[in-house]
Each structure stands twice: as structure tokens, then as C-alpha cells.
1. Restricting the search to segment 12-59, which residues are open to solvent by 50 Å² or more (accessible area, probe 1.4 Å), assigned to a loop (DSSP other than H, G, I, E, B) and either within 13 Å of the ligand (Cβ to nearest atom) or modelled with pLDDT under 95 (or both)?
2. Residue by residue through segment 114-144, note down the ones that are in contact (Cβ under 8 Å) with a residue 24 or more places away in the chain and small (Gly, Ala, Ser).
3. Scan segment 113-158 for residues that are touching a strand residue (DSSP E or B) at 6+ places or on another chain (Cβ under 8 Å), part of a helix (DSSP H, G or I) and open to solvent by 10 Å² or more (accessible area, probe 1.4 Å) and jot them down.
4. What number of residues within segment 1-11 satisfy the criterion of being part of a loop (DSSP other than H, G, I, E, B) and in contact with an Asp or Glu (Cβ under 9 Å, 6 or more places away or on another chain)?
5. Identify, by number, the condition in (1) away from the ligand (no atom under 16 Å from the Cβ); (2) free of Cβ contacts under 8 Å to residues at least 40 places away in the same chain; (3) within 23 Å of Ile193 (Cα to Cα) that Glu111 doesn't meet.
6. For segment 63-107, give me the residue count where each residue is open to solvent by less than 40 Å² (accessible area, probe 1.4 Å), away from the ligand (no atom under 16 Å from the Cβ) and in a loop (DSSP other than H, G, I, E, B).
7. Taking the conditions exactly as written (under 16 Å from the mean Cα position of the chain (by Cα), among the small types (Gly, Ala, Ser) and open to solvent by 40 Å² or more (accessible area, probe 1.4 Å)), does Ala8 satisfy them or not?
8. Which numbered condition in (1) part of a loop (DSSP other than H, G, I, E, B); (2) under 14 Å from the mean Cα position of the chain (by Cα) is the only one that Glu162 fails?
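The values are calculated or read from the model by the stated rules, or taken from the named source; none is laboratory data. Quantities reported herein were computed from a predicted structural model and do not represent experimental measurements. Neighbour counts are summed over all protein chains in view; Cβ atoms, including those assigned to glycine, are modelled from backbone coordinates with ideal geometry. These accessible areas exclude ligands, DNA and RNA; they are computed on the full protein's heavy atoms, side chains included. Shrake-Rupley method; radii C 1.70, N 1.55, O 1.52, S 1.80 Å.
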Amino acid sequence: MIPLFERAGRRPLVVALGGSLHGSSSTQKALQLLLDQAADAGCDTCLITGQALDLPFYTYGADKRTGAARYLVEQLRRADGLYIGSPVYHGSISGVVKNALDYAEDLRDDERAYFSGRAVGSLTTGGGWQGCVGTLGALRDVVHALRGWNTPFGVPIHTGGEPVFDAEGRCLSESIQRQLTLLGQQVLDSLGIAAKATSS
Ligand SMILES: Cc1cc2nc3c(=O)[nH]c(=O)nc-3n(C[C@H](O)[C@H](O)[C@H](O)COP(=O)(O)O)c2cc1C
């Protein structure tokens, strides 16, 4: 089947959603690296993070949505591939990220309902492995419930030890960078796009 972006004569759009409301989110940095890779491969990209996630609690059937909520839903609707990243909060997905994902309910009546037909790569950041790995599973369950195609690979990032990212967002860990590249590649593969080799 010809992908939607090809039928529409546009570049594929890859959307990354997640992170924290504060300014130096490690989850946001990981998502940005994935989007950089997608941009290098010729995709349009959109990062929904930070204050863009400061949304009212999702209310099913509400007639009005804020501008930020409408933007989020529209980007998810248009996305051809997705990355989702959550910090671990008390053993699971943070409330901010889960609330943003709940807005995918507004895609239920779309031709591509929820995340149907889209590959979704997930990552988590947490102070301990137990939370990182458990939350990655929880995130992949949400993607599954939203009918997205989980990539085979997911990336749990332990942020409780050595610094993983520098202030500019560069990844300081060769191993984590390799895993992010693989995750990114798997979403690009679903779009029929080859990733360029990274310099790190
Ligand atoms: C409220 C709160 C709860 C947290 N709970 C956990 C936890 O249960 N397990 C864990 O491994 N890390 C936990 N952490 C640590 C964060 O997951 C970790 O610092 C993460 O990298 C933060 O992501 P960010 O930089 O994108 O905000 C918690 C941090 C906060 C602020």
C-alpha cells in the first residue's frame, strides 16, 4: 500500500511527544536526538514537549480544547511515525505524558484511528533500571492500546548515575546513542527511509 505521505505528495512527518515541564529534561534531549536523525533522513519533524505538554486534564467529549491541545491532536493525526518518551515517576509513566497520550482519544473516529498504521518507538528515563524497564513496558502497552505498531526495540535510559546528556543535548554515552540510533532507524524503516550514519 502507498503510504499516506506519498499519496499526499509530502515528506513524512515524524512526531516526538514526551519529556517534562522543566527546561532541562533528559527525556526531551533523547527525543530531540531521534528527531535530528529523522530530519537528517529527510523527514519533517515536530517535538511536543515542555510547556506544550502543560494541558488541561483530558476530558472525554468536551466541546472546547485549548490551542495547545488542538495542536497536539493535529500533529498526532498527521504523524507518519512517532516517538514517545516518558520520565519514570513513582514507578510508571509521568502524569503529564499520560495525560497528553489520553488526548489521542480525539483520533478515535479518524480513518487512521488513534495511532493505526504508524510505527511508534518508545523510550524512558529514570533514576533506576527497575523503573526504566517497567515503565517502558507500560508505555508500549499504551501504544498497543492506541493501535500503534511498537518498534521491536525500546530504550530505557538510566539517568541516575553518570550524566547521559550534556547541557546542549549531546549524548555522552556511546551505548545509549547506539540504542537511540537503532530505535530511530526502526521508525524510519517503517517509512521506507534509510537513516544516515551518525557521527557519534
Ligand atoms: C516526582 C518524581 C518521581 C520519580 N520517580 C522515579 C521512580 O519511581 N523510579 C525511577 O527510576 N526514577 C524516578 N524519578 C527520577 C526520574 O525518572 C529521572 O530523573 C528522569 O530522568 C527525569 O526525566 P527528565 O529529565 O526528562 O525530567 C522520579 C523523579 C521525580 C521528579
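1. Leu21, His22, Gly23, Ser24
2. Within segment 114-144, Ser116, Gly117, Ala119, Gly121, Ser122, Gly126, Gly127, Gly128, Gly131, Gly134, Ala138 meet the criteria.
3. Trp129, Gly131, Val133, Gly134, Leu136, Ala138, Arg140, Val142, His144
4. Here is the first cut: in segment 1-11, the residues part of a loop (DSSP other than H, G, I, E, B) are 1-3, 8-11.
Applying the additional criterion that residues be in contact with an Asp or Glu (Cβ under 9 Å, 6 or more places away or on another chain) yields 3, 10-11.
Qualifying residue count for the region: 3.
5. Here Glu111 meets the rest and fails (3).
6. Going through segment 63-107 one residue at a time, the tally reaches 2.
7. Details: under 16 Å from the mean Cα position of the chain (by Cα): no; among the small types (Gly, Ala, Ser): yes; open to solvent by 40 Å² or more (accessible area, probe 1.4 Å): yes.
Judged against the criteria, Ala8 is not a match.
8. Here Glu162 meets the rest and fails (2).
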